Amino acid sequence: MGIRLANTIFELKKKSHQTIFSITNFSIGDIIYSFIFFFLLIIIYKIFRKKSRHAYLVKLLKTINILYFIYQIFWGLLYFQPPIIEKLPTKKISEETLSKLTLKYIHKTNISRNYVLQDKNGVFCIKNIEETKHKILENQKKIPRKFSEKQYTLIDNFKPTLLGKYFSYTGILGYYNPFTSEAQYNPQLPATYIPFTLAHESAHQLGFAREQEANFIAYLICKNSKNPDLEYSANLYVLKSLLNAQLEKNPEFVGQAKLFLSDAVKRDLENNKMFYENHQGWINNLFHATNDLFLKSNRQEGSITYSYFIELLIRYEN
């Protein structure tokens with residue numbers, strides 16, 4: 001009953017929120033979160049003043065409770081939706097299955113890389129970000145009905161975050177704001193991440209709360225999009241997920257498989273590696289640990305686990 005009510009509320013607010021907050025081309029959600037952050041900091045500071053400690057502690061707890069209640073109504077309860085995996089046939093994951101699928105996606109990634117643009121350094125660059133957004137919205141219609149009966153809006157509510165300079169040090173690729181229905185992305189990321197990140201956040205806009213399920217829906221949006229940037233970004237994401245899933249148990253295969261990557265794909269991966277090495281630090285580690293805890297507290301795997309997405313992919317492929 002509660003899940004049905006949460007879905008109803010989400011569908012009622014989806015179009016109205018996206019319509020209202022898509023009017024601006026800047027992130028209203030970033031501004032709201034920044035205001036809340038500084039407001040809470042001021043309250044916490046005042047709690048340490050002896051004269052006003054009790055009153056401000058009560059105010060802090062009230063504020064947190066109100067925000068948490070709104071969050072749960074608008075978004076949090078959607079984590080309890082029936083999982084997508086129940087709609088797919090059972091398939092045992094073997095090392096052989098993973099290896100074959102990895103080789104398949106190495107080939108798909110190498111081929112799709114040939115159809116995208118690159119900059120003067122030979123690194124992938126996006127042809128047209130607005131066209132990419134449009135294709136994502138159009139391809140929401142093509143998600144198989146067995147996976148989704150959610151209503152699409154075709155409203156462009158994608159926003160580059162105003163905090164991209166800082167997000168680059170947190171490891172955050174993008175985020176969905178449940179209060180404004182904005183799909184935020186970090187425009188300073190290496191270009192290989194951005195198309196798939198946009199598709200991922202659009203899956204959240206549809207109402208898929210779990211991270212790995214949003215990745216799976218993003219994959220479905222991208223795979224037959226007829227947009228080279230989306231297809232390459234998705235293929236690369238799937239390939240990295242497959243390689244990471246085997247890194248611990250089958251490192252020799254991973255090392256050999258990487259030899260089959262084209263020079264262009266290797267350049268893109270090296271560019272990604274350099275970006276993260278230049279933005280490593282305690283902030284990145286803190287956000288990684290916090291996000292891992294958040295995912296687990298919302299009935300999801302931690303951020304370092306790819307098994308659920310991989311299982312969805314393998315069951316779908318078969």
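Criterion applied to PHE158, PHE124 was being over 18 Å from the mean Cα position of the chain (by Cα) and touching a residue at least 40 places away in the same chain (Cβ under 8 Å), and the one residue passing it is PHE124.
Look at the stretch 244-255: where a residue is over 13 Å from ILE106 (Cβ atoms) and a partner is modelled with pLDDT of 90 or more and of a type in the set (Ser, Thr, Tyr), sitting 6+ places away or on another chain with Cβ atoms under 8 Å, you get ASN250/SER99.
Of the residues making up the stretch 151-171, just one is modelled with pLDDT of 90 or more, among the hydroxyl-bearing types (Ser, Thr, Tyr) and under 16 Å from TYR33 (Cα atoms), namely THR161. Assessment of the stretch 143-150 against the conditions (outside any loop (DSSP other than H, G, I, E, B) and of a type outside the set (A, V, I, L, M, F, W, C)) yields no matching residue. Put simply, of LEU101, LEU67, LEU57 the only residue that is modelled with pLDDT under 85, surrounded by 12 or more Cβ atoms within 10 Å (Cβ to Cβ) and touching a helix residue (DSSP H, G or I) at 6+ places or on another chain (Cβ under 8 Å) is LEU57. Among the residues of the stretch 161-180, the one identified as assigned to a helix (DSSP H, G or I) and buried (at least 22 other Cβ atoms within 10 Å of the Cβ) is PHE167. From the list ALA234, ALA183, the lone residue that is surrounded by 24 or more Cβ atoms within 10 Å (Cβ to Cβ), touching a His at 6+ places or on another chain (Cβ under 8 Å), not acidic (Asp, Glu) and not in a loop (DSSP other than H, G, I, E, B) is ALA183.
Report yes if some residue within the stretch 35-54 is touching a residue at least 60 places away in the same chain (Cβ under 8 Å) and either over 28 Å from TYR185 (Cβ atoms) or surrounded by 13 or more Cβ atoms within 10 Å (Cβ to Cβ) (or both); otherwise report no. Spell out the reasoning first.
To start, the set of residues in the stretch 35-54 that are touching a residue at least 60 places away in the same chain (Cβ under 8 Å) comprises none.
No: the stretch 35-54 contains no residue that is touching a residue at least 60 places away in the same chain (Cβ under 8 Å) and either over 28 Å from TYR185 (Cβ atoms) or surrounded by 13 or more Cβ atoms within 10 Å (Cβ to Cβ) (or both).
The values are calculated or read from the model by the stated rules, or taken from the named source; none is laboratory data. Since this is a predicted model, take the numbers as computed values, not measurements. No Cβ is skipped: glycine too gets one built from the backbone with ideal geometry, and neighbour counts run over all protein chains shown.
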